[in-house]
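Below is one structure, written out as structure tokens, with a few remarks after it.
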Amino acid sequence: MAVCLLAASAVQAQDSRAFDVASIKPNNSGSLIANGARVRNGRFTAENVSLLSLLRSAYGVQEFQIQGQPGWADVDRFDIIATLPTGSAESDWPAMLQRLLAERFRLAIRREMRETDVLALVVARGGLKVMPVDPSSCTPPNRCGFSASPTQITARGQSMDQLATRLSRSIGQTVVDRTGVSGIFDYKLEWVQDDQFRAPGASASPAIFTALTDQLGLRLQSARAPVEMVVVDSAVRPTPD
């Protein structure tokens, strides 16, 4: 097993990017609705979010790739408002969030690559049922990306590797791209999570595994692959400011 050790408290020594000003306050609303990490007009905000959610955003992993977190990491909620330095790129915010977590939550983590069970995304026997689109369709002012719900993924200009990452979130297990297919695609994938939740009279949609084959010409098969894990060695609740 390959292990890469990285103390989050050492991030500031490796990366000088940091928010100019940051405020962290506990959210005691009791609401289950969170407005996750986002950046707009030079301001980073996250409302009613857990440490687990912040870890996922900062390190670009899914919740099932995070281990060792304290019991309160998915219970306590926080509101964060921070200002990006003038002239910084908005894409720098994950590195800035990593530093904020190291400083304010005293977070220390290890990043490990572990061989584990995964699902491999491959082309189904009948062949791919979506066609690649022109990459220029994603240039400004047009935008490409995903919109999703618990039973639907709509994509504009997304690669097979990006689909695999998005499926990981929907399924709750790592999905790796082994299609060998390049290019970007537009598509809509729909399924029903469980028929018992289907409204009376509504037509049944296939489960996500069947939907992938029927609608996109793809399938998922069991495999083994190294998966990055974020292991939390220590974390404390931040002092409100």
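The set of residues in the stretch 77-95 that are in contact with a strand residue (DSSP E or B) (Cβ under 7 Å, 6 or more places away or on another chain) and either buried (at least 16 other Cβ atoms within 10 Å of the Cβ) or not aliphatic (A, V, I, L, M) (or both) comprises Arg77, Phe78, Asp79, Ile80, Ala82, Thr83, Leu84, Glu90, Trp93.
Table: residues versus (1) of a type in the set (Phe, Trp, Tyr); (2) at pLDDT below 95; (3) loosely packed, with under 13 Cβ neighbours inside 10 Å; (4) part of a loop (DSSP other than H, G, I, E, B).
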{"residue": "Ile33", "(1), (2), (3), (4)": "no, yes, yes, yes"}
{"residue": "Gly36", "(1), (2), (3), (4)": "no, yes, no, no"}
{"residue": "Val39", "(1), (2), (3), (4)": "no, yes, no, no"}
{"residue": "Phe44", "(1), (2), (3), (4)": "yes, no, no, no"}
{"residue": "Glu47", "(1), (2), (3), (4)": "no, no, no, no"}
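Could you go through the stretch 105-123 and let me know if any residue there is farther than 28 Å from Gly183 by Cα, assigned to a helix (DSSP H, G or I), at pLDDT 95 or above and more than 19 Å from the chain's Cα centre (by Cα). Within the stretch 105-123, not a single residue is farther than 28 Å from Gly183 by Cα, assigned to a helix (DSSP H, G or I), at pLDDT 95 or above and more than 19 Å from the chain's Cα centre (by Cα).
Among what's in the stretch 1-30 and is modelled with pLDDT of 90 or more and not in a strand (DSSP E or B), pick the residue that is surrounded by the fewest Cβ atoms within 10 Å (Cβ to Cβ). Working first, answer last.
Taking the stretch 1-30 first, the residues modelled with pLDDT of 90 or more are 18-30.
Narrowing the set further to residues that are not in a strand (DSSP E or B) leaves 18-20, 27-30.
Numbers: Ala18: 20, Phe19: 22, Asp20: 12, Asn27: 17, Asn28: 9, Ser29: 11, Gly30: 7.
If we take residues in the stretch 1-30 being modelled with pLDDT of 90 or more and not in a strand (DSSP E or B), then Gly30 is surrounded by the fewest Cβ atoms within 10 Å (Cβ to Cβ).
Residues in the stretch 40-57 that are on the phi > 0 side of the Ramachandran plot and out of contact with any Leu (no Cβ under 6 Å at 6 or more places or on another chain): Asn41, Asn48. In this structure, Met160 does not qualify as touching a Phe, Trp or Tyr at 6+ places or on another chain (Cβ under 8 Å), touching a residue at least 12 places away in the same chain (Cβ under 8 Å) and closer than 30 Å to Pro26 by Cα.
Checking each residue in the stretch 105-128 for being more than 30 Å from Ile80 (Cβ to Cβ) and hydrophobic (A, V, I, L, M, F, W, C) picks out Val118, Leu119, Ala120, Leu121, Val122, Val123, Ala124, Leu128. Residues that are of a type in the set (Gly, Ala, Ser) and in contact (Cβ under 8 Å) with a residue 60 or more places away in the chain within the stretch 61-92 comprise Gly68, Ala73, Ala82, Ser88, listed in sequence order.
The values are calculated or read from the model by the stated rules, or taken from the named source; none is laboratory data. Model, not experiment: these values are computed from the prediction. Heads up, the Cβs are rebuilt from the backbone with ideal geometry, glycines too, and the neighbour counts pull from every protein chain shown.
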